[in-house]
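Notes follow the structure.
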Amino acid sequence: LDDDLPEILDFWNQLQEPPELSPELIGGILREGNKMIITGESKAGKTCLSQELAVCIAEGKPWLDKFPCEQGKVLYINLEVEAASLFHRFRSIYFANGWEFTENCHNICPWNLRGYAIPLDKLAAKIIRRCKHTGPYKAIILDPLYKVQQGDENSAEAISAFCNALDKIAHETGAAII
């Protein structure tokens, strides 16, 4: 059939030749090409946590001194903080941890879209297009999500469209979406 969908699998055949899992990006937490969400109350520190995660992936250092990170390039889509503040926050993470600035700093790629936020279903294609020109990325971090989420968070239809857009970005880029 030519319907642009993957074939239906036979579990028995998979048992004979098991599919390989994607490599872990964050040990025990997240694999490449998958997605995770950092959630919490307002002002709980989600942005700081996600920025430190970006640095840990860029440097290949353990996140929260516990979860090993595979080193790689990170696209940090900043939708809220002014560009200069984002730069100083990233720099302060290095200072606070006593880490040297090395060539790995090239792995942190901020994309400052404050004032340019559009719903994720429209932004997804732009993210994918940019990633094809500047990637590949191990992770794409969107911060904060509410800036690109459309509709009511309690609406199954709105959340379905939102998650489908995240899945499309992950599928097209191979990056973990955070």
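Things to note:
- Farthest toward positive dipole pole in the chain [+1 Lys/Arg, -1 Asp/Glu at C-beta], among 37, 128, 76: 76
- Over the chain, dividing the summed -39,500 (n - 2.57) contributions of all DSSP H runs of at least 4 residues by the number of residues returns a 222 nm mean residue ellipticity of -12000 deg cm²/dmol.
- Figure legend: label point modelled 7 angstrom from the Cα of residue 22 along Cα→Cβ; residues of region 33-57 with amide N under 13 Å from it are 33-37.
- Accessible-area rank, largest first, for 166, 21: 21, 166, with all protein chains present and a 1.4 angstrom probe.
- Computed E for residue 85/residue 64 - FRET, C-beta separation, R0 35 angstrom, nearest 0.05: 0.95
- Highest mean first, the peptides 102-113, 35-46 sorted by other C-beta atoms within 10 Å per residue fall in the order 102-113, 35-46.
- The peptide list 122-128, 13-19, put in order of mean Cβ contacts within 10 Å with the highest first, becomes 122-128, 13-19.
- Summing Cβ point charges (Lys, Arg +1; Asp, Glu -1) relative to the Cα centre of the chain gives a dipole of roughly 960 debye.
- P(r) of the chain over all Cα-Cα pairs, binned every 5 Å from zero, in whole percent: 1, 7, 15, 19, 20, 15, 10, 6, 3, 2, 1, 0
- Shown here is the pair-distance distribution of region 83-178: with all Cα-Cα distances grouped in 10 Å bins from zero up to the longest one, the shares run 14, 41, 31, 13, 2 percent.
- Around residue 79: net Lys/Arg minus Asp/Glu count, Cβ-Cβ under 9 Å: 0
- In terms of its C-alpha gyration tensor, region 39-91 comes out oblate, because a/c is 1.5 or above while a/b does not outweigh b/c.
- Candidate residues 95, 162: accessible-area rank, largest first, probe 1.4 Å: 95, 162
- Largest-first ordering by accessible area, 1.4 Å probe, given options 82, 52, 100: 100, 82, 52
- Cα-based reach from residue 168 at 20 Å (exclusive), listing aspartates and glutamates while leaving out same-chain residues under 8 positions away: 3, 4, 7, 24, 32, 121, 143, 153, 157
The values are calculated or read from the model by the stated rules, or taken from the named source; none is laboratory data. It should be emphasised that the depicted structure is a prediction, and the values quoted were computed from it without experimental measurement. A quick note on method: Cβ atoms are made from the backbone with ideal geometry, for glycine too, and the neighbour counts reach across all protein chains shown. Just the protein is used for accessible areas: all its heavy atoms, side chains included, with ligands, DNA and RNA removed. Shrake-Rupley method; radii C 1.70, N 1.55, O 1.52, S 1.80 Å.
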